[in-house]
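*Asks:* Let me begin by handing over the structure; questions about it come next.
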Amino acid sequence: MRVDFLSFIGIVVAFLAILGGNWLEGGHMDSLVNGPAMVIVIGGTIGAILLQTPVPVFWHALRLSGRVFLPARLDMPSTIEKLVQWSNIARKEGLLGLETIADEEPDPFIRKGMQLLVDGSEPDALRSILEMEVDASEQYDIQASKVFEGMGGYSPTIGIIGAVMGLIHVMQNLADPSKLGSGIATAFVATIYGVGLANLFLLPIAAKLKTQSEHISKFREMVIEGVIGIAEGDNPRSIETKLKGFLQ
């Protein structure tokens, strides 16, 4: 499975930028670690998104989060070669010559298209069925990406709530200087956690998941065009030329 090293590099660069900037300003690592602030921001953000999101969408978002580091492997040039090869087989042996190939195809979407093709589905019906699946899958994935987008929207606001709570704690303990430090720290660190969590992690994750969903849809649209071309008996060279347009 292909690993997206840019995601790992992005996280490392983000941490180094924050920690390095803090160090250059003369700050210490422990000044950025605050348990109460972390509980307020992370707990509040999760609670808000749980209230907003249906259970199936939330679990789907968790499953898709792995794509940030391990995206779906889609080899478009190799798939074009297979579709052209299948087109040649269909012209020589008929659609039934693809039956064994359809059963052995590992990609579920391609396998479904090939099985519909072998079953003798009309090109218009074939396109309608496969495009409907592409649209439904893309919408479901986008809903999942909006879970992280929503968390990115709530996180800074929860951080402000944490800051206000810290300042309230300070105001209640003005007569006790020993308690002022922790309250002020919670106030400022909660804001850092909220804004940092949103802009360094949650919103970028949402954007990457959307991009990957669009890439998967583009791949499947290419497959649909290839399968329809085979169903209509198009020349293999014409099918290859058409499908290579998706590589742009």
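No value in this document is a laboratory result; all are computed from the given coordinates. Only a predicted model underlies this, so the values are computations on that prediction, with no experimental measurement involved. In this analysis, Cβ positions are derived from the backbone assuming ideal geometry, glycine residues included, and neighbour counts consider all displayed protein chains.
*Asks:* Charges only on Cβ, +1 for Lys and Arg, -1 for Asp and Glu: so what's the dipole of the range 35-247 about the Cα centre, in debye to the nearest 20?
*Replies:* Values: 18 positive and 24 negative charges, 195 e Å.
That gives a dipole near 940 debye.
*Asks:* In deg cm²/dmol, rounded to 500, what helix-only [θ] at 222 nm does the chain give when every DSSP H run of at least 4 residues adds -39500 (n - 2.57) and the total is split over its residues?
*Replies:* Value at 222 nm, helices only, nearest 500: -26000 deg cm²/dmol.
*Asks:* In the P(r) worked out for the chain, what percent of Cα pairs fall beyond 29 Å?
*Replies:* 49
*Asks:* Another one. Just to be sure I understand the rule: take each whole DSSP H helix in the chain, project its Cα atoms onto its long axis, keep it if the span is 30 Å or more and its mean Kyte-Doolittle hydropathy is at least -1.0. Which ones pass? Intermediate values should be presented prior to the final figure.
*Replies:* Numbers: long enough: 123-172 (73 Å, 0.28); 203-231 (42 Å, 0.36).
Long hydrophobic helices here: 123-172, 203-231.
*Asks:* Now for a separate question. Can you give the longest run of the chain that contains no trypsin sites (Lys or Arg not before Pro) sitting in a DSSP loop with at most 15 other Cβ atoms inside 10 Å?
*Replies:* On the way: sites that count: Arg2, Arg73.
Between exposed loop sites, the widest span is 74-248.
*Asks:* On to the next question. What's the local net charge at Asp4, with K and R +1, D and E -1, over the other residues with C-beta under 14 Å away?
*Replies:* Values: positive: Arg2, Arg67, Arg73, Lys208; negative: none.
Computed value for this residue: +4.
*Asks:* Next question, about the same structure. Using only the Cα atoms of the range 27-67, what do you get for the radius of gyration and for Dmax, in Å?
*Replies:* 14.5, 43
*Asks:* Let me ask something additional. Just to be sure I understand the model, the point goes 7 Å from the Cα along the line to the Cβ. What's the resulting Asp75 to Phe58 distance in nm?
*Replies:* That separation, rounded to one decimal, is 3.9 nm.
*Asks:* I've got another one for you. Pairs Lys92/Lys218; Lys112/Lys242; Lys146/Lys242; Lys92/Lys112: which are spaced more than 31 Å apart, C-alpha to C-alpha?
*Replies:* Lys146/Lys242
*Asks:* How about Lys210: which aspartates and glutamates have a C-alpha closer than 14 Å to its C-alpha, ignoring those fewer than 8 places off in the same chain?
*Replies:* The qualifying aspartates and glutamates are Asp135, Glu138, Asp141, Glu149.
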